Amino acid sequence: MTDQLRADGSLRHLLTLETLSRTQIERLLERAQTFVRPLGARPPTSQALAGATVANLFTEPSTRTRVSFELAAKRLGAAVVNLEVQLSSRVKGESMLDTVYTLESLYVDAFVIRDAEAGVPGLVAANVAPHVSVLSAGEAHVSHPTQGLLDALTVYQRKQRFAGLAVAIVGDVRHSRVARSAWHAFARLGVTDLRIAAPAALMPAAGEFAGCTRHTRLAAALKEADVVMMLRIQKERMSEADLPGGERYFAAWGLTRERLALARPDAIVMHPQPMNRGIEIASDVADGPQSAIRDQVRNGVAVRMAVLAEVLGGRGARS
Ligand code: CP
């Protein structure tokens, strides 16, 4: 695995939370919190990354992650390039690495990469010039580290602690990079009651999610939970034959108000989005008083500002 840290211990790449220490994660969360403002207030801006250039290379669709990385970079004064992959020379057969080398020659300092193929962000990180950083914006089913950070920040804002919390991660855990990064973050930050809940076909392989209790019934997973994180059915990572029927799935696994009442009265509801309303979550829960879903989106920009500041902030513009 590509080392994410420089020789001096500072963060150079962010590919996974799995190998970060608790201190490193807490530092990123503390930094992110300094960028959070209430909705309606102007977001903070600075010229901390003036002269730097960030390239978004997304070969899978995205709304939140791509836009919030772009806003994060611009609010820190960096220039941003969004490569439209379908209009780029990738469709003429150019490899990812040749695309990256080309952009490196155009003075890109950081690549933000989302790819359906496991290993792509790591491959790029292993091949870029020493001054260049790579940030994963979602790697296949493997990892979505900034999502894990924004989920942890959201929980901390609402609960002011991690110790003693019961966190239930529910739905298509098997195909979910969000679940894996949330698990890495929460486990590292001291959550000891971590539950994953899924129908058997969507449960990850035995040996994955060490330390989590496994539930194949939703009610048991929700009981007295402080945090309920619902996951999207990852249709794009399943064959037609494996796809659960929407109504049947909602009947067994959809989060309704009645089911949420099994959790603690002050439990919060999370979902990384995009949501399939009426399949994994009822609309009145998604938009209800216990929902922290919009906070998650807001925190996404703050977390990505913190990560960009961390990996690029120690370096002045090249002359
Ligand atoms: N949560 C998330 O990754 O959303 P997008 O796919 O819209 O970026």
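Yes or no, residue by residue, for (1) of a type in the set (Lys, Arg); (2) within 23 Å of the chain's Cα centre (by Cα); (3) under 22 Å from residue 119 (Cβ atoms):
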| residue | (1), (2), (3) |
| --- | --- |
| 61 | no, yes, yes |
| 65 | no, yes, yes |
| 74 | yes, yes, no |
| 85 | no, yes, yes |
| 99 | no, no, yes |
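Condition first: of a type in the set (A, V, I, L, M), away from the ligand (no atom under 16 Å from the Cβ) and under 23 Å from residue 271 (Cβ atoms). Can you find one or more residues in region 155-165 that meet it?
Among the residues of region 155-165, at least one is of a type in the set (A, V, I, L, M), away from the ligand (no atom under 16 Å from the Cβ) and under 23 Å from residue 271 (Cβ atoms), which makes the answer yes.
Only helices (runs of 4 or more DSSP H) whose full extent lies in region 116-198 are considered here, and the ones with at least 2 residues that are in contact (Cβ under 8 Å) with a residue 12 or more places away in the chain, assigned by TED's automatic domain parsing to the domain that holds residue 256 and within 14 Å of the chain's Cα centre (by Cα) are 145-159, 177-188. Note on region 60-75: residues that are in contact (Cβ under 8 Å) with a residue 60 or more places away in the chain and either closer than 30 Å to residue 187 by Cα or within 16 Å of the ligand (Cβ to nearest atom) (or both) total 11.
A quick yes/no check of all residues on (1) farther than 15 Å from residue 158 by Cβ; (2) within 16 Å of the ligand (Cβ to nearest atom); (3) in contact with a strand residue (DSSP E or B) (Cβ under 6 Å, 6 or more places away or on another chain):
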{"position": "238", "(1), (2), (3)": "yes, no, no"}
{"position": "245", "(1), (2), (3)": "yes, no, no"}
{"position": "250", "(1), (2), (3)": "yes, no, no"}
{"position": "253", "(1), (2), (3)": "yes, no, no"}
{"position": "257", "(1), (2), (3)": "yes, no, no"}
{"position": "263", "(1), (2), (3)": "no, no, yes"}
{"position": "271", "(1), (2), (3)": "no, yes, yes"}
{"position": "288", "(1), (2), (3)": "no, no, no"}
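Scanning region 104-115 for residues that are farther than 16 Å from residue 303 by Cβ, not in a loop (DSSP other than H, G, I, E, B) and not aliphatic (A, V, I, L, M) yields 104, 105, 111, 115.
The values are calculated or read from the model by the stated rules, or taken from the named source; none is laboratory data. Just so it is clear, the structure is predicted and the values come from calculations on it, not from any experiment. Note that we place each Cβ from the backbone using ideal geometry, even for glycine, and neighbour counts take in every protein chain shown.
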